[in-house]
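Notes for the one structure printed next.
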Amino acid sequence: MKYNFDEMINRRGTYSIKWDGGQLLKDMGFTERYDEDTIPLFTADMDLPVPQPLIDALHKTVDHRIFGYSIFPEEYFEAVQHWFKKRHDWEINKEEIIYSPGTVHALNVAVRAFTNPGDGIIIQRPVYPPFTASIEANGRELINNPLICDEKGYYHIDFSDFEARAKEERTKMFILCNPHNPTGRVFNVNELRKLADICAKNDVLIVADEIHGDLVRRNQSFIPIAKVVDDVDPIITFTAINKTFNLAGLHCTNVIISNPELRQTFNSVMGMHLPSPFTVSALIAVYNEGEEWLEQLKEYIDGTMEWVVKFLAERMPKVKVRIPEGTYIMWLDFSEYRLTPEDVHDRIYNKANVLLEDGKMFGEEGLMYQRICIPSPRPMIKEAFERIAREFAGIS
Ligand SMILES: Cc1ncc(COP(=O)(O)O)c(C=O)c1O
């Protein structure tokens with residue numbers, strides 16, 4: 001079937017953080033302004049309709065009328081195995097799959113399970129803010145291996161710095177974000193091999209957050225790091241239906257751990273979590289029947305990104321942007337305007353009334369950037385950029 005992603009679905013009054021969370025967002029210091037005219041494009045969830053087989057499966061669950069404690073049936077594991085084999089040629093054994101009610105939850109569990117207070121953990125900033133929080137809130141040491149941005153706005157790994165950081169006595173873990181949020185890099189086989197080799201040589205455990213892995217451009221391919229190394233044992237991978245199928249509200253992450261001892265340690269810190277019947281039926285539906293929708297979604301997102309790049313080149317050429325290799329996030333560099341970050345923020349959030357995410361939240365490397373999530377109907381994205389362009393017009 002053909003999906004209409006241009007449809008504007010009103011999300012107000014549905015407990016959406018984007019559309020109903022104005023007071024909370026103001027209290028959190030995200031924005032000063034939030035009203036009925038705000039266009040919120042900050043958090044990574046989509047304003048787009050989900051696959052029809054998913055809607056049918058959830059209807060069936062609702063129609064049953066009882067929502068008790070649930071189990072993980074065989075079909076759940078088979079659906080995960082089927083998806084990763086088909087989409088990423090990755091064989092996963094059933095016992096390697098561990099359910100977690102969220103990725104950030106799993107990240108905090110991994111930090112507590114595999115490191116001790118005072119241990120060092122490498123991350124590559126600018127990066128998704130909960131990576132930093134999971135290290136600091138658990139009393140571990142943050143070790144930054146910043147990604148290097150070249151003059152074309154393309155991000156590279158600084159391998160010599162990475163190796164030096166990995167060699168430090170205190171370093172015990174590396175949290176990889178691939179595809180990388182917010183820079184959109186999808187690391188290639190050589191990069192992944194190099195990272196894995198350095199970690200193996202220095203006894204650094206890799207925790208790979210790959211939850212954007214299904215959402216790469218149509219001319220790109222994504223490779224799970226567990227697939228490229230000879231010895232997959234020391235790798236913990238996070239996968240999720242969350243980003244791919246816009247199911248953040250159903251809290252369903254699958255952690256893949258092939259090493260039985262690491263699995264046991266992870267489980268003992270996490271404790272037992274039973275799923276909701278909605279989560280189980282949703283996962284089975286999307287992993288078995290969601291491909292047709294995903295292909296259409298990817299085409300739509302690629303099209304929107306092309307529109308954004310063209311619009312900015314014509315109307316705001318000082319904004320540096322590239323089409324990311326993966327994710328549905330765009331990382332906009334405002335540094336050429338020579339305005340303060342506060343002024344950039346004021347023009348976008350208060351004057352244009354568009355809610356993005358200040359780059360500084362991803363680390364100081366992001367100070368002059370704004371992050372935008374673009375999986376919304378294209379007319380909404382166009383309106384947001386028109387408004388922003390008006391507020392920057394005439395600045396030389
Ligand atoms: C890289 C990354 N990891 C984790 C999350 C959050 O996942 P969850 O809602 O499953 O905790 C996000 C959300 O944007 C993300 O971009």
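For residue 47, enumerate residues with amide H under 5 Å from its amide H, sequence gap 5+ or separate chain, H modeled in the peptide plane.
376
Report residue 61's accessible area, 1.4 Å probe, all protein chains in place, as a number in Å² to the nearest 10.
Counting only protein heavy atoms, the figure is 20 Å².
State in Å² the accessible area per residue of the chain; use a 1.4 Å probe, count heavy atoms of protein chains only, and round to the nearest integer.
Spelled out: the 1.4 Å probe surface of the chain, per residue, equals 43 Å².
Can you run phi through the Karplus equation (6.51, -1.76, 1.60; θ = phi - 60°) for region 296-302 and list ³J(HN,Hα) in whole Hz, with x for Gly and Pro?
5, 4, 4, 4, 5, 5, 4
Ignoring ligands and nucleic acids, what accessible area does residue 104 show with a 1.4 Å probe (Å², nearest 10)?
Taking all protein chains as shown, residue 104 has close to 60 Å².
If eta is 1.306 mPa s and T is 10 °C, what Stokes-Einstein diffusion coefficient results for region 233-296, Kirkwood Rh from Cα pairs, in µm²/s?
Answer from the Stokes-Einstein relation: 120 µm²/s.
How much FRET efficiency would the formula 1/(1 + (r/R0)^6) give for residue 296 and residue 169, where r is the Cβ-Cβ distance and R0 is 45 Å, rounded to 0.05?
0.35
Past the 21 Å Cα-Cα mark, which pairs from 243/320; 94/227; 152/201; 167/194; 310/360; 18/243?
Pairs exceeding 21 Å: 243/320; 152/201; 310/360.
Over the residues of region 54-176, compute the C-alpha Rg and express it relative to 2.2 N^0.38 Å.
After normalising by residue count via 2.2 N^0.38 Å, the value is 1.44.
Could you give the length gained on full extension between residue 63 and residue 350, defined as 0.36 nm per residue of separation minus the Cα-Cα distance, in nm?
Contour length minus the Cα-Cα distance gives 98.9 nm.
Can you send over the carbon and sulfur percentage of the accessible area for the chain, probe radius 1.4 Å, protein chains only?
In the chain, the share of accessible area belonging to carbon and sulfur is 50 percent.
Run the simple label-point estimate for residue 190 and residue 138 please: 7 Å along Cα→C-beta, distance reported in nm.
3.3
Given the Cα-Cα distance of residue 95 and residue 274 and 0.36 nm per residue of separation, how much length would full extension add, in nm?
Contour length minus the Cα-Cα distance gives 62.8 nm.
Of all the C-alpha pairs in region 237-338, what % are more than 24 Å from each other?
48
Which value, in nm² and rounded to one decimal, describes the direction-averaged projected area of the C-alpha convex hull of the chain?
Mean shadow area of the hull around the Cα atoms is 19.2 nm².
Please list the radius of gyration and Dmax for region 134-240, considering alpha-carbon atoms only, with Å as the unit.
13.7, 41
Whole-Hz ³J(HN,Hα) for each residue in region 283-294, computed from phi via Karplus 6.51 cos²θ - 1.76 cosθ + 1.60 with θ = phi - 60°, x for glycine and proline: what do you get?
4, 4, 5, 6, 6, 8, 10, x, 5, 4, 4, 4
Reported to two decimal places, what Rg/Rh ratio describes region 66-289 when computed on Cα atoms with Rh from the Kirkwood expression?
Result for region 66-289 is an Rg/Rh of 0.95.
Around residue 115, with a cut-off of 10 angstrom between Cβ atoms, what is the net charge of the other residues, counting Lys and Arg +1 and Asp and Glu -1?
For residues surrounding residue 115, the net value is +2.
So what's the back-of-envelope 222 nm ellipticity for the chain, counting only DSSP H runs of four-plus at -39500 (n - 2.57) apiece and dividing by all residues, rounded to 500?
-11500 deg cm²/dmol
Over region 287-372, how many percent of alpha carbon pairs lie in each 10 Å bin up to the one with the longest distance?
With a bin width of 10 Å, the distribution comes to 16, 43, 27, 12, 3.
Subtracting the Cα-Cα distance from 0.36 nm times the residue separation, let me have the gained length for residue 37 to residue 360 in nm, one decimal.
113.8 nm
Any idea what the relative contact order of the chain is, in percent, if you count C-alpha pairs under 8 Å spaced at least 6 apart?
Averaging sequence separation for qualifying contacts and normalising by length gives 24 percent for the chain.
The values are calculated or read from the model by the stated rules, or taken from the named source; none is laboratory data. A quick note: this is a predicted structure, and the numbers were derived from the prediction, not measured. In this analysis, Cβ positions are derived from the backbone assuming ideal geometry, glycine residues included, and neighbour counts consider all displayed protein chains. Calculation scope for accessible area: heavy atoms of the full protein, side chains included, ligands and nucleic acids excluded. Shrake-Rupley method; radii C 1.70, N 1.55, O 1.52, S 1.80 Å.
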